[in-house]
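Peer 1: Pasting in a structure now, in structure tokens, and then I'll have a few things to ask.
The values are calculated or read from the model by the stated rules, or taken from the named source; none is laboratory data. None of these values were measured; they are calculated from a predicted model. Cβ atoms come from the backbone with ideal geometry, glycine included; neighbour counts cover every protein chain shown. Only protein heavy atoms, including side chains, enter the accessible area calculation; ligands, DNA and RNA are left aside. Shrake-Rupley method; radii C 1.70, N 1.55, O 1.52, S 1.80 Å.
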Amino acid sequence: MITRNATPPAPVRALKGVLLTVCCALIVVPFVGIVSTSLSTREQIVRAGGFVVIPDEITFAAYRALFTGGVVPRAVAVSVFITLVGTALSLASTTLLAYGLSRPTSVAHRPVLMIVVAALLFTPGIIPAYLTIDMLGLLNSYWAVILPAVVSAFNVVILRAFFMEIPTELVESARIDGASDGQIFARIVLPLSKAVLSVIGLFYAVGYWNAFFSALLYLNDSAKWPIQLVLRTYVVNQQQLGVDQVGTADLPPQEALQMAILVISIVPILLIYPFIQRHFTKGVLVGAVKG
């Protein structure tokens with residue numbers, strides 16, 4: 001007789017526990033060290049060799065200096081603008097396109113679908129993309145970062161597949177009751193799609209917030225840099241933060257400033273994720289059709 005739910009032996013459970021503990025430590029300890037270093041004094045950072053795991057004394061001098069100065073607050077504002085506007089445009093465009101492609105009676109359904117599928121297989125090169133942005137007059141504009149990423153072919157395919165799974169009984173019953181296509185989309189399709197739209201929106205938001213390469217290519221004015229370019233300049237390239245970049249003449253240690261910039265670039269997504277996470281496994285169609 002085969003026992004399906006047999007408990008693993010104690011050594012196996014102990015080994016799994018050790019492996020999980022090691023994996024969690026590899027993820028958590030570096031992040032804790034980054035936060036701790038950003039909150040440490042100069043003496044603690046020097047004593048710890050530049051990376052503090054557990055600070056003896058907490059100070060917010062690095063954050064006060066960064067937010068009092070003009071570079072980081074401006075970069076955060078730019079990133080927030082790009083993320084909010086880009087995510088809103090991307091969700092609207094992707095949802096409308098995917099819903100149209102999920103309806104077999106829509107105009108030019110197959111040619112447009114083939115174009116979307118081709119976009120999954122072939123991507124434009126850097127030079128043609130740059131020349132296109134230049135020809136459209138979008139260089140050194142926030143739209144150069146937003147517009148090329150408005151529609152993701154992968155997200156369109158995923159959302160189209162979801163729309164095709166919505167029971168036709170719902171759509172037909174609404175149509176019999178006199179609902180138009182717009183009313184069906186707004187009152188039936190969108191409410192049933194909250195979970196998948198939340199996930200797609202999170203994907204777009206993370207992409208826009210982390211937009212680095214497109215900003216590096218198209219934004220020449222440093223005053224228009226998002227937080228990721230500031231992170232690259234002062235953390236990756238190790239450029240020193242001076243009095244012009246911070247709001248005080250008493251400069252905190254460079255290590256604390258760099259780690260503070262890194263924390264600022266990570267925290268917004270960490271704050272948003274818990275509100276979206278519950279939608280990942282939610283069954284949106286359970287109970288939608290009875291009988």
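Peer 1: How about the stretch 186-195: which of its residues are open to solvent by 30 Å² or more (accessible area, probe 1.4 Å) and more than 22 Å from residue 273 (Cα to Cα)?
Peer 2: 186, 187, 188, listed by residue number.
Peer 1: Moving to a separate point now. So for the stretch 84-101 (the condition being of a type in the set (Ser, Thr, Tyr), under 19 Å from the mean Cα position of the chain (by Cα) and within 24 Å of residue 230 (Cβ to Cβ)), does at least one residue qualify?
Peer 2: Yes, some residue in the stretch 84-101 is of a type in the set (Ser, Thr, Tyr), under 19 Å from the mean Cα position of the chain (by Cα) and within 24 Å of residue 230 (Cβ to Cβ).
Peer 1: Please determine, by comparing only the residues of the stretch 148-176 that are open to solvent by 70 Å² or more (accessible area, probe 1.4 Å) and without any contact (Cβ under 8 Å) to a residue 12 or more places away in the chain, which one is nearest to residue 103 (Cα to Cα).
Peer 2: Step by step, filter the stretch 148-176, then rank; the result is 168.
Peer 1: Looking only at residues that are among the hydroxyl-bearing types (Ser, Thr, Tyr), part of a helix (DSSP H, G or I) and open to solvent by 50 Å² or more (accessible area, probe 1.4 Å) in the stretch 89-141, which one is nearest to residue 216 (Cα to Cα)? Walk me through it before giving the result.
Peer 2: Restricting attention to the stretch 89-141, the residues satisfying the condition of being among the hydroxyl-bearing types (Ser, Thr, Tyr) are 90, 93-95, 99, 102, 105-106, 123, 130, 132, 141.
In the following step, the residues that additionally are part of a helix (DSSP H, G or I) were identified as 90, 93-95, 99, 102, 130, 132.
Okay, now just the ones that are also open to solvent by 50 Å² or more (accessible area, probe 1.4 Å), so 130, 132.
Numbers: 130: 11, 132: 16 Å.
Checked the stretch 89-141; the qualifying residue nearest to residue 216 (Cα to Cα) is 130.
Peer 1: Under 7 Å between Cβ atoms, at least 6 apart or on separate chains: pull out the pairs that start in the stretch 47-60 with a residue that is farther than 22 Å from residue 238 by Cβ and end on any residue that is open to solvent by less than 50 Å² (accessible area, probe 1.4 Å) and of a type in the set (Val, Ile, Thr).
Peer 2: Correct list of pairs: 57/41; 59/41.
Peer 1: Please determine whether any residue of the stretch 207-224 is charged (D, E, K, R) and over 24 Å from residue 129 (Cβ atoms).
Peer 2: Looking for residues that are charged (D, E, K, R) and over 24 Å from residue 129 (Cβ atoms), one finds none in the stretch 207-224, hence no.
Peer 1: Could you list, ordered by first residue, the pairs with Cβ atoms under 7 Å in which the first is in the stretch 76-89 and more than 11 Å from residue 147 (Cα to Cα) and the second is open to solvent by 30 Å² or more (accessible area, probe 1.4 Å) and of a type outside the set (Val, Ile, Thr), at least 6 apart or interchain?
Peer 2: Pairs found: 78/224; 78/225; 81/142.
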